[in-house]
Amino acid sequence: MRNTFLVFGQPLIEQAEIDEFLDSVRKSWLGTGEKVAQFEHDFAAYKKVNYAAAVNSCTAALHLSCLALDIHRGDEIITTAMTFCATVNAIIHAGAVPVLADIKPETLNIDVEEIRKKITPKTKAILVVHFAGRPCNMDAIMQLARQHHLYVIEDCAHAIESEYHQQPVGTIGDFGCFSFYATKNITTGEGGMVISNNEALIARIKTLALHGLTQDAWSRFSDAGYKHYFVVEAGFKYNMMDLQAAFGIHQLKRIKLYHEKRQHIWNTYQTAFKTLPITTPYPDEPHTKNAYHLYTIRIDKNLCGISREDFLNEMQSRNIGCGVHYVAIPQHPYYRDTYHYLESDYPHAIKYGLETISLPISPKLSDEDVQDVIDALQDILK
């Protein structure tokens, strides 16, 4: 039994982030400024893409991507039935209709054949989610999109480091959207990014992200001289602050180190759990790089002798924090009642959502923390 509670998804914050944050405080420039510009530049370079726009969340990134592609009210966007609600909410806030497709039971990513079945004359885009850091089958998805003249938006909230056939995810479709929430692979506390090789689309996203203004505050108030602004669209307040970018600049420098640490934890879990009556993650597909954002196991009561809910409580009682990623979208009352989703149409997503548990995999974990997770799980299942 641990003496302290192991928080699920706790980020690793180091001295460089703290110093950069305090630098912004001392300069009294807290909002969007030079640090955001640097983070955008550095992130674009890391992802090998020409343009990036920093925003205040991945939800904002997804919403703005839909708007920048001129998604109109009544258009349909196909996405996965297994994702966080933000993916679907972004479609709804853009005025479109979220059309759900079931997942592949091994990879937990959207099933391309299910996408094909859901395409109608109203379909405007496919919004894929690289679930848990595992890249989707982008060759097949892009081929389908080209065949039907559809846009592709990549939700890369779990997949900053992921690659598909040596191409960074987020650079394959029209837009890539990323999250820097506190539990993500690198963090700014809250925050997001949109990337693209289309300069005009990123320029529009930057305008939409700050009220529809033609000039941001850094441009207007810097020592280069005052510049007047004009409102060219009814935009939003989605900009990232320098206080957030202060973290991201330095977190990004350690992204390879953090990835290696999570991969080590992942492999340690895979070895420790291979004889237990649980379902562990499917092996990585050839020619892909997994970001190892989530380590998910499945608790089937018929195999384990314990329900998922009881298992969560047992882990909690042993001071181990876990997550659930996720309850399937059709099981949430709002989406079910509004869009009349039937659970029977998404059997793989529903079953996974009822059985899944995410174990701690943060780079902040010590070897002792990892062993505590293993010991607790083995004790419960013995």
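The values are calculated or read from the model by the stated rules, or taken from the named source; none is laboratory data. All of these numbers come straight from a predicted model, not from anything done at the bench. Note: ideal-geometry Cβ built from the backbone for every residue, glycine included; neighbour counts use all protein chains shown.
Restricting the stretch 188-213 to residues that are crowded, with 23+ Cβ neighbours inside 10 Å and hydroxyl-bearing (S, T, Y), the residue that is farthest from H250 (Cα to Cα) is S196. From the list I119, I153, the one residue that fits, being among the β-branched types (V, I, T) and touching a Ser or Thr at 6+ places or on another chain (Cβ under 6 Å), is I153. Taking residues in the stretch 264-287 that are touching a residue at least 60 places away in the same chain (Cβ under 8 Å) and not assigned by TED's automatic domain parsing to the domain that holds E106, and partners anywhere that are assigned to a loop (DSSP other than H, G, I, E, B) and of a type in the set (S, T, Y), the pairs with Cβ atoms closer than 9 Å and at least 6 places apart or on different chains are I265/Y292; I265/S362; W266/Y292; Y269/T280; F273/T280; Y282/T107; E285/T107.
With respect to the conditions (1) more than 25 Å from Y258 (Cα to Cα); (2) of a type outside the set (S, T, Y); (3) not assigned by TED's automatic domain parsing to the domain that holds K117, Q10 lacks only one, and its number is (1).
Here's the yes/no breakdown for (1) surrounded by fewer than 16 Cβ atoms within 10 Å (Cβ to Cβ); (2) small (G, A, S); (3) part of a helix (DSSP H, G or I):
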| position | (1), (2), (3) |
| --- | --- |
| Y326 | no, no, no |
| Y341 | no, no, no |
| H348 | no, no, yes |
| G353 | no, yes, yes |
| P363 | no, no, no |
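Among the residues making up the stretch 142-184, those that are of a type in the set (A, V, I, L, M), part of a loop (DSSP other than H, G, I, E, B) and either out of contact with any helix residue (DSSP H, G or I) (no Cβ under 8 Å at 6 or more places or on another chain) or in contact (Cβ under 8 Å) with a residue 40 or more places away in the chain (or both) are A157, A159, I160, A182. Regarding Q244, is this residue assigned to a helix (DSSP H, G or I), crowded, with 21+ Cβ neighbours inside 10 Å and in contact with a Gly (Cβ under 6 Å, 6 or more places away or on another chain)? In short, yes.
Assessment of the stretch 306-320 against the conditions (closer than 18 Å to S362 by Cβ, touching a Phe, Trp or Tyr at 6+ places or on another chain (Cβ under 7 Å), aliphatic (A, V, I, L, M) and at pLDDT 95 or above) yields no matching residue. Only residues that are within 18 Å of E161 (Cβ to Cβ), out of contact with any helix residue (DSSP H, G or I) (no Cβ under 8 Å at 6 or more places or on another chain) and not in a loop (DSSP other than H, G, I, E, B) were counted in the stretch 268-303, giving 2. When the stretch 229-270 is filtered for residues that are among the β-branched types (V, I, T) and either closer than 22 Å to Y352 by Cα or modelled with pLDDT under 95 (or both), the ones remaining, listed by number, are V231, V232.
Tallying residues that are in a helix (DSSP H, G or I), aliphatic (A, V, I, L, M) and surrounded by fewer than 17 Cβ atoms within 10 Å (Cβ to Cβ) within the stretch 304-324 yields 0.
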